[in-house]
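Scroll down for the structure; my scribbles are underneath it.
The values are calculated or read from the model by the stated rules, or taken from the named source; none is laboratory data. Nothing here was measured: the structure is a model prediction, and the numbers come from that model. Don't worry about glycine lacking a Cβ; one is built from the backbone with ideal geometry, like all the others, and counts go over all protein chains shown. We work out accessible area using only protein heavy atoms, side chains counted, and drop any ligands, DNA or RNA first. Shrake-Rupley method; radii C 1.70, N 1.55, O 1.52, S 1.80 Å.
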Amino acid sequence: NPYAGLVSHLRASWLSGKTRPMAYRIAQLEALGHFLDDKKQQILEATASDLGKAPFEAELSEIFLCKNELHETLNNLSHWMKDEQVDRSLAMQLDSAFIRKDPYGVVLIIAPWNYPIQLFLVPLIGAIAAGNCAIIKPSEISKNTERLVAEVLPGYLDKDCFAVVTGGVPETTRLLENKFDYIFFTGTSPVGRIVMTAAAKHLTPVTLELGGKNPCYVSDTCDVTNVARRVVWGRFFNAGQTCIAPDYLLCTVEMQDKLLPALRKAIDDFYGPNPRESPDFGRIVSDKQFRRIRALLCSGRVAIGGQTDEAERYIAPTVLADVQPSDPIMQEEIFGPILPIVVIANMDEAIDFINSQERPLAVYAFSSDDKVVNQVLERTSSGGFCGNDTLIHMTLTSLPFGGIGNSGLGMHHGKFSFDTFSHHRGCLKRGMGREPLNGPRYPPYSQQKLGVIQAMSKVTRKNDCTLL
């Protein structure tokens, strides 16, 4: 295997204990901050080349959010690393019981192309903070960013403990044949199944950050202008190539009639009368993705946009009205700048529709009535939830980010990243003396001994009085 030597080298470094001291972890994390600062312009240029990403969007999503994660981790690492003391039974009051946060070892981080810096760097921050060695596999589809990461990042990190591997499907397949101690994958559900299958051969735990069709319910009682602006921003940010973008709208026919002019105005306000000329609207990452997304335009009727240019990989911000659940666009995650509207009769029908689909990465609900938003929250299941806005919930380092069911497994961001890459090791330390206290557990057994053990170790319910 072409990567066996690399994995063995990193495992030897990890076994040496090099990555465990807090000072080492901090130094490597600070080096990531230097990478973001020093290479900011190159990052902006690479993401512009790969995705036509506007500097504003790239700086916000690829640099600023990563710096937030980095600072959150550096601010709290000493606290997160401390042993966590736990409650003890009466029989163990003289002992020490705690949870130690151990690193897993050598971890693999496989990143996607849509946010090619953020989606490898945020999990890497957690992996380093937890004391692991790591191999980073950036996406070959965002080729300019891949080249930047491969050529530049190793100069900032300890080469004995961290490495970047490039290549496509064949290289990733061979990489996955190696035994890792943890795998963190971001991408599609079909590939997630392949990664999980490979991990199962070594009983390697995984986090899968996948995607799905994120529903957005718009009730009849809402500020239509505000809804349109927030939905347009969330759907067309990064040209719709965002795993938590609202994938489709659910609303009544009356609300659809109100929303369409508001959506049109929001698109015009954001990107001008010809979004193709806007410096703030991106492009599709590849010819393959362009053709896939363009084919979805046959669903429903084009109410706004619909223009395409294959040479530029440009698809206009598009809204499709009167889309049927059986239409092609409702059969897969769109991952592009198209917003279908599916008409429903009421909130109950919207919730039933959401629950009839695979569980998504996010559910969105808009209403001026907080009871309606709460109803959608309480009666649906998803990786995350955001009421009266889109995307913005993932910017909080205090919230876990992850999927459920078909949209993923596990979570990260902030302390959740540290916990994901840490094995929570249950530990008990006892003294060598006080042996008579252990007498009741040793043979020969008796009912009296059993009673003593139960009395000393019993966990009682509150308000449950026990007479000894």
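Compared with the dominant principal axis of the Cα atoms in the chain, helix 143-152 is inclined by about 40°.
Given the convex hull of the Cα atoms of region 145-301, what is a quarter of its surface area in nm²?
Projected area, direction-averaged: 13.1 nm².
Protein heavy-atom accessible surface, 1.4 Å probe, per residue over region 215-397: 40 Å². Note on region 215-397: Cα Rg divided by 2.2 N^0.38 Å, N the number of residues, gives 0.96. Here ARG100 sits with roughly 100 square angstrom of accessible surface, probe radius 1.4 Å. Please compare each pair in LYS40/LYS137; LYS201/LYS415; LYS67/LYS371; LYS429/LYS449; LYS137/LYS159 to a cut-off of 26 Å on the Cα-Cα distance and tell me which ones are over it. From the list (LYS40/LYS137; LYS201/LYS415; LYS67/LYS371; LYS429/LYS449; LYS137/LYS159), the Cα-Cα distance tops 26 Å for LYS201/LYS415; LYS67/LYS371. So how tilted is helix 65-81 from the main axis of the chain? Cα-based, degrees 0 to 90, rounded to 10. Value to nearest ten degrees: 10. For region 363-464, chymotrypsin sites (Phe, Trp or Tyr not before Pro) meeting the loop criterion (DSSP other than H, G, I, E, B) and having at most 16 other Cβ atoms within 10 Å: TYR445. Taking the longest Cα principal axis of the chain as reference, the axis of helix 22-38 is set at about 10 degrees. Note on GLN307 and GLU435: their simple-model spin labels are 8.9 nm apart, each label 7 Å out from Cα toward Cβ.
Give the carbon-plus-sulfur fraction of the accessible surface of the chain in %, rounded to a whole number; probe 1.4 Å, heavy atoms of protein chains only. Answer for the chain is 55 percent, counting heavy atoms of protein chains only.
With R₀ fixed at 51 Å, the C-beta to C-beta distance from GLN331 to HIS423 puts the FRET efficiency at about 0.80. If a spin label sat at a point 7 angstrom from the Cα of ASP102 along the line to its beta carbon, the backbone N atoms of region 110-144 nearer than 19 Å would be those of 127-134. Spin-label model, ILE453 to ASN346: label points 7 Å out along the Cα-to-beta-carbon direction sit 5.9 nm apart.
Building the convex hull from the alpha-carbon atoms of region 264-350 and averaging its projection over directions returns 6.2 nm². Our estimate of slack between GLN85 and LYS201, defined as 0.36 nm per intervening residue step minus the Cα-Cα distance, is 38.3 nm. Once C-alpha pairs closer than 8 Å and six or more residues apart are averaged by separation and normalised to the residue number of the chain, the relative contact order reads 19 percent. Once both labels are modelled 7 Å past Cα along the beta-carbon direction, what's the ARG292-ASN76 spacing in nm? The two pseudo-label positions are separated by 3.4 nm. Amide H contacts for PHE385 (H built 1.01 Å from N in the peptide plane; partners 5 or more residues away or on another chain; cut-off under 5 Å): VAL363.
Counting 0.36 nm for each residue step from SER446 to GLU177 and taking away their Cα separation leaves a gain of 91.5 nm. Plainly put, the chain has a radius of gyration that is 1.06 times its Kirkwood radius, both from alpha-carbon atoms, as the Rg/Rh ratio.
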